[in-house]
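Only one structure is covered here, and it is reproduced in the block below.
The values are calculated or read from the model by the stated rules, or taken from the named source; none is laboratory data. Model, not experiment: these values are computed from the prediction. So basically every Cβ, Gly included, is an ideal-geometry build from the backbone, and we count neighbours across all protein chains shown.
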Amino acid sequence: MKLFSIFILSAFLSATSNWGTDFEKAKKIAEQEHKLVLLNFSGYDWCGPCIRLHKEIFESPEFTQVADEKFVLVNADFPRQRKNQLDKQLQKNNDKLAEKYNTTGVFPLTVLLKADGTVIKKWEGYPEEGKNKFISEIKSAANAVN
């Protein structure tokens, strides 16, 4: 059953551009490729706004085009259902990320970071201003750094 849960999570993430789960690896890639890290905190099996954010924005061609050019994507997932629990090490890694970048436990939370882990900007919740405005904000924040 755990293997099935990992498969579902992998399918969810792979359907949404190139989302990874290894933050340290993402930082190394970002440094090598001169990109930023876009970290998203989600609860894919319980958080409606998280699911909506991935489906409506992160899976859109407009976002994936920007993401491929500028970001290394990391998803820190916090499933609630027992059948969807992540590997213990991944849970521990996600908890550490939350302790550092999501201390208030907001879901979804999108964090734009430099390759060294320095926060550039955070977006809480589902962006009510719409897909294009949100993507434009992320792109502008990234461009301000580069």
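Exactly one condition in (1) at pLDDT 95 or above; (2) surrounded by fewer than 18 Cβ atoms within 10 Å (Cβ to Cβ); (3) assigned to a helix (DSSP H, G or I); (4) polar (S, T, N, Q) is false for residue 103; which is it?
(3)
So, of the residues in the stretch 54-94 that are of a type in the set (Lys, Arg) and in contact (Cβ under 8 Å) with a residue 60 or more places away in the chain, which turns out to be farthest from residue 26 (Cα to Cα)? Reasoning before the result, please.
Initial filter on the stretch 54-94 (of a type in the set (Lys, Arg)): 55, 70, 80, 82-83, 88, 92.
From what's left, in contact (Cβ under 8 Å) with a residue 60 or more places away in the chain: 70, 83.
Numbers: 70: 13, 83: 27 Å.
Among those residues, the one meeting the criterion is 83.
What residue, among those in the stretch 65-80 that are out of contact with any strand residue (DSSP E or B) (no Cβ under 7 Å at 6 or more places or on another chain) and over 20 Å from residue 102 (Cβ atoms), is surrounded by the fewest Cβ atoms within 10 Å (Cβ to Cβ)?
The selected residue is 69.
Suppose the filter is under 17 Å from residue 22 (Cβ atoms), over 13 Å from the mean Cα position of the chain (by Cα), loosely packed, with under 15 Cβ neighbours inside 10 Å and at pLDDT 95 or above; does residue 62 pass it?
No; evaluated as a whole, the condition is false for this residue.
Could you check residue 51 against (1) in contact (Cβ under 8 Å) with a residue 60 or more places away in the chain; (2) buried (at least 17 other Cβ atoms within 10 Å of the Cβ); (3) over 11 Å from the mean Cα position of the chain (by Cα) and say which number it fails?
The failed condition is (1).
Can you spot a residue in the stretch 116-134 that is surrounded by fewer than 14 Cβ atoms within 10 Å (Cβ to Cβ), closer than 14 Å to residue 23 by Cα and over 15 Å from the mean Cα position of the chain (by Cα)?
yes
Which number in (1) over 17 Å from residue 64 (Cα atoms); (2) surrounded by 14 or more Cβ atoms within 10 Å (Cβ to Cβ); (3) of a type outside the set (Gly, Ala, Ser) marks the one condition that residue 110 misses?
Single failed check for residue 110: (1).
Kindly indicate whether residue 3 is surrounded by 14 or more Cβ atoms within 10 Å (Cβ to Cβ) and either modelled with pLDDT under 95 or touching a Ser or Thr at 6+ places or on another chain (Cβ under 7 Å) (or both).
When the stated conditions are applied, residue 3 does not pass them.
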